[in-house]
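Novice: Could you have a look at this structure, given as structure tokens, before my questions?
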Amino acid sequence: MSWALFHRAARARPFWLATASGVALAACPVLAQTNDESTQAAVVTGQPDLQTPDVVPTTTDAPAVKDEDQIGFAADNLNYDSDTEVVIAEGNVQMNREAVEMRADKVTWNRKTGQVFAEGNVTIKNPEGDTAYGDKIELTDTLRDGVVENMLVVLDNGSRLAAIRGTRFDNGNIELENAAYTPCPVEDDEGCPKNPSWQIRAVKVMYDRAKNKVRYKGARVEIFGLPLIPLPGLSHSINNEPSSGILVPAIRLDRSNGFEIAVPYYLRLAPDRDITITPHLYTSAAPMIEGEFRALTDIGSFRINGYATYGSLVPLTGEDPDSEKRFRGYLESAGKFQFDPHWSLTYSGRVATDRTFMRRYDISRDDRLRSTFELERIGGNSYLSIAGWATQTLRRNDEQGQQPIALPIIDYRQRLADPIFGGQFELQLNTLAIGRTAGQDTQRAFAGARWDLRGLTGLGQEVTLTALVRGDVYHSDENLLTAIPGYRGKSGWQARGIAAIAADMRWPFVGEFAGGTQTLTPRVQLVATPPIKNIDIPNEDSRAFDLEDSNLFAINRFNGHDRFEDGARITYGVEWNYSRPGFNISSVVGQSYRLSDKPSLFPDGTGLTDRTSDVVGRTTIAYRDFLRLTHRYRLDKDNLAIRRNEFDATIGSRSTYAVLGYSRLNRDILLLGEELQDREEARVGGRVAVAKNWSVFGSAIVDLTQKTDDPLSDADGFEPVRHRLGVAYDDECLSIALTWRRDYADTGDARRGNSFSFRIAFRNLGF
């Protein structure tokens, strides 16, 4: 039996307590702490149930309504007492109005008093996909205020809100008693009920419709059913946007600072701006304040992050703390702006008050802080960059006055749309100015052109012809302040011309092998360059050099513009690749020979000092997503001694894996130069899944350098640098990690010793 009701149409509203705006009251990503609230309110007995009740679907359908004020009604039995004006619907009761659907075992409507009762497996679903369950719903004649007993609301995103009793008032406010909220699953993979990873429980939850705000009394966070984190005065907005509030604290214990607790406070200034302020309290150090400001504009975004404290400083030499306290801090900022489809600006800035602040407070272990900016224009066939950078050294023995400041760096490139003699033609203009407060100053400008022609022969050979010319102008002064003579150049004005031609041939052979496909590609390159004035030119950007597979076939094997390799040479090698489904091996090996006997510009130990270079190569093995191995090496041309040996491996799945690394530089250099010291280091890390959602993780770095390799090194064959060990829990809703780390070296007031940290993240809640 079904019919449509039109009673009090002008005042009628969808009559379930938790509408989309009402039931989403706990689905806000950020929680806020306001004034303390009393928890002495009357407690409704019982525990809210977050499990979905087993409700049998109705077998009847209410008729569709044509008017928003109509209510469609359907039931197995429908009775109406004209004397008492009571309508009773029983059995498969279904009602709909304004796309809101309700089912119940029984509905009673008193037309005189305006009371409406729905009881027995009550289910209400709104157009947004939210579903509400309850044992009994009682409404007044306004159909806007009433009470729900044993309420459960399942939101369309999977979040759940349950309460023993819920009340909606005529002004739209909502009050829930003995309530619980969780965004976590309440069933396991087999569909069996389980406790959510975490939930919020509260004595009372109040929704203020006018303020669009939700307040809690007696709120706490329960993890695995255990009440661990009290949240007095908890409040938040009900929309999907973050609101101001306290985030999850961070806890840490280390030797330098003692016990640490950091309590972030998130302050939402506007939809496109926010601030996070984090006080750090220590038992063995002065308090520190951290702040982060983020902003989103119409053309881009930027952030500013800073740390500040007031305390004494331990020098890098490890002496006693300075009795005089001082301001210590760190400031960084980064941003990117897109002005139009062609123009953009990117910047980043980092500065610290002293060399050990960042390590002392475990902010970063970088030994240099680099600040940069770059204004770019990218066109269809052109590119313009205007940039600059500065570096602050945090290394123990580096002089800050020797650190370069590059401003400006201008690079312009223009590619001609039409080929010239069948090849691609490109022009380049570049200028650089480097200044130092207590060192050499250098300015550079050059103009160049490059022509490339690529083609295939009838035999399948890939041939590339290249020609380039460049003119350079340099100016430098204070050259004697540069410690290494080979980097100074001559002071004053210097000029030079550069020209080079090259021919590069690759000849791939493809065939079947061992159930897969292999490709064997011999490669030969000829490069000829007339004598170039190099020694008189300052060397600012071509200092750190090592022959490897990535630069073996480069026309200029120096890694910058200030040095250009001259003479004639032939470079030869072979590339091999084997692949089959899920498996791949790629390898390259090569060597070069200088056709002239002119002394090399390359420093000793780089592999290019003699006419015949060292042998360099790389091999990479990959098996699906389980295994990836990379081996790079350089062998001495005379005795095949290993001068460079690097090994990196990643083995395992996403839940259980190992990361291995080994580096060995044995350049056999008698005189140590900048960035050319020998090193040997081993690295290991990994994670092992020990149970569902639980894992153990760790990492370690060991310095294997010996005194025979580097007399300046503090290591003597086996010196641990740092290790880390921890246990973690991760699921779709919660992440917990407890980590132990040990550092083995003192750097000023960043002391060696143990540190412990605890991290917890409530996913789907904004922290």
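Just so you know, all these numbers are worked out from the coordinates, no wet-lab data involved. Bear in mind that the values here come from a model prediction, so they are computed numbers and not experimental data. We place every Cβ from the backbone using ideal geometry, glycine too, and count neighbours over all the protein chains shown.
Novice: In nm, what is the difference between 0.36 nm times the number of residues separating TYR80 and SER312 and their Cα-Cα distance? Can you show the working numbers first?
Specialist: Working: separation 232, 0.36 × 232 = 83.52 nm, distance 8.52 nm.
Full extension from TYR80 to SER312 adds 75.0 nm.
Novice: Using a 10 Å cut-off around each Cβ, can you sort SER655, SER197 from fewest to most neighbouring Cβ atoms? If you can, show how the numbers build up before the last one.
Specialist: Values: SER655 12, SER197 24.
Neighbour counts put them in this order, fewest first: SER655, SER197.
Novice: On full extension of the chain, what length is gained from ALA658 through THR708, given 0.36 nm per residue of separation minus the C-alpha to C-alpha distance? Walk me through the numbers on the way to the answer.
Specialist: Numbers: separation 50, 0.36 × 50 = 18.00 nm, distance 3.13 nm.
So the chain would gain 14.9 nm between ALA658 and THR708.
Novice: Another question about this same structure. At R0 = 30 Å, how high is the FRET efficiency between ASP366 and ILE621 if r is their beta carbon distance? Nearest 0.05 is fine.
Specialist: Working: r = 32 Å, r/R0 = 1.06.
My answer for the efficiency is 0.40.
Novice: What are the residues whose amide H is under 5 Å from the amide H of ASP130, where those residues sit 5 or more places off or on another chain and H is modelled from the backbone?
Specialist: ASP156
Novice: With respect to the cross-link table entries LYS490/LYS598; LYS490/LYS707; LYS112/LYS213; LYS125/LYS204; LYS598/LYS637, which display a Cα-Cα separation exceeding 26 Å? If you can, show how the numbers build up before the last one.
Specialist: Working: LYS490/LYS598 21 Å; LYS490/LYS707 36 Å; LYS112/LYS213 35 Å; LYS125/LYS204 24 Å; LYS598/LYS637 19 Å.
In this structure, LYS490/LYS707; LYS112/LYS213 lie more than 26 Å apart at Cα.
Novice: Ok, one more. Report the extension gain between SER699 and ALA270 in nm, rounded to one decimal, defined as 0.36 nm multiplied by the number of residues separating them, less their alpha carbon distance. Please report the intermediate quantities before stating the final value.
Specialist: Numbers: separation 429, 0.36 × 429 = 154.44 nm, distance 4.11 nm.
That works out to 150.3 nm of additional length.
Novice: So, one more: What ranking of SER256, SER550 emerges when the number of other C-beta atoms within 10 Å of each C-beta is taken as an exposure proxy, fewest first?
Specialist: Values: SER256 23, SER550 14.
Result, fewest neighbours first: SER550, SER256.
Novice: If you average over every viewing direction, what projected area does the convex hull of the Cα atoms of segment 430-479 give, in nm²?
Specialist: Working: hull surface 20.2 nm².
Projected over every direction and averaged, the Cα hull of segment 430-479 covers 5.0 nm².
Novice: Further, regarding this structure: Given H placed 1.01 Å from N in the peptide plane, which residues other than close sequence neighbours of ASP49 have an amide H under 5 Å from its amide H?
Specialist: HN-HN under 5 Å from ASP49: ALA163.
Novice: Calculated FRET efficiency, ALA745 and ASN381, Cβ-Cβ r, R0 45 Å, to nearest 0.05? Walk me through the numbers on the way to the answer.
Specialist: On the way: r = 52 Å, r/R0 = 1.15.
My answer for the efficiency is 0.30.
Novice: Now for a separate question. Could you list TYR729, TYR623, TYR207 so that the one with the fewest beta carbons within 10 Å of its beta carbon is first and the one with the most is last? Present the calculation step by step, with values, prior to reporting the outcome.
Specialist: Values: TYR729 18, TYR623 13, TYR207 25.
Going from least to most buried by this count: TYR623, TYR729, TYR207.
Novice: For an R0 of 45 angstrom, estimate the FRET efficiency from the Cβ-Cβ distance between LEU520 and ARG683 and round to the nearest 0.05. Before the final figure, lay out the partial values.
Specialist: On the way: r = 33 Å, r/R0 = 0.74.
Calculated value: 0.85.
Novice: Using a simple charge model, +1 on the beta-carbon of Lys and Arg, -1 on the beta-carbon of Asp and Glu, nothing else, what dipole does the chain show about its Cα centre, in debye to the nearest 20? Kindly include the intermediate steps, with their values, before the conclusion.
Specialist: Values: 89 positive and 104 negative charges, 241 e Å.
Magnitude of the dipole: close to 1160 debye.
Novice: If you don't mind, there's one more thing I want to ask. Grab the other residues whose beta carbon is less than 11 angstrom from that of VAL153, score K and R as +1, D and E as -1, and report the net.
Specialist: Around VAL153, the charge tally is 0.
Novice: Divide by every residue of the chain the summed helix terms, -39500 (n - 2.57) for each DSSP H run of at least 4, and state the resulting mean residue ellipticity at 222 nm, rounded to the nearest 500 deg cm²/dmol.
Specialist: The helix contribution divided over the chain gives 0 deg cm²/dmol.
Novice: Going 7 Å from the Cα of ARG395 along its beta-carbon direction, which residues of segment 408-442 have the amide nitrogen within less than 17 Å of the resulting point?
Specialist: 436-440
Novice: With each pseudo-label sitting 7 Å past Cα toward Cβ, what's the GLN461-ILE304 distance in nm, one decimal?
Specialist: 6.2
Novice: Still on this structure, please answer the following. Could you work out the Rg to Rh ratio of segment 565-631, with Rh taken as the Kirkwood radius (inverse of the mean 1/r over all Cα pairs)?
Specialist: Details: Rg = 16.6 Å, Rh = 14.1 Å.
Across segment 565-631, the Cα-based Rg/Rh ratio is 1.18.
Novice: Just report the Cα centroid separation between segment 555-588 and segment 384-400, whole Å.
Specialist: The two parts, judged by their Cα centres, are 31 Å apart.
Novice: Using a cut-off of 15 Å between beta-carbons, work out the net charge of the residues near TRP507 (Lys and Arg +1, Asp and Glu -1, TRP507 not included).
Specialist: Working: positive: ARG454, ARG506, ARG523; negative: GLU462, ASP504, GLU575.
Combined, the nearby Lys, Arg, Asp and Glu give 0.
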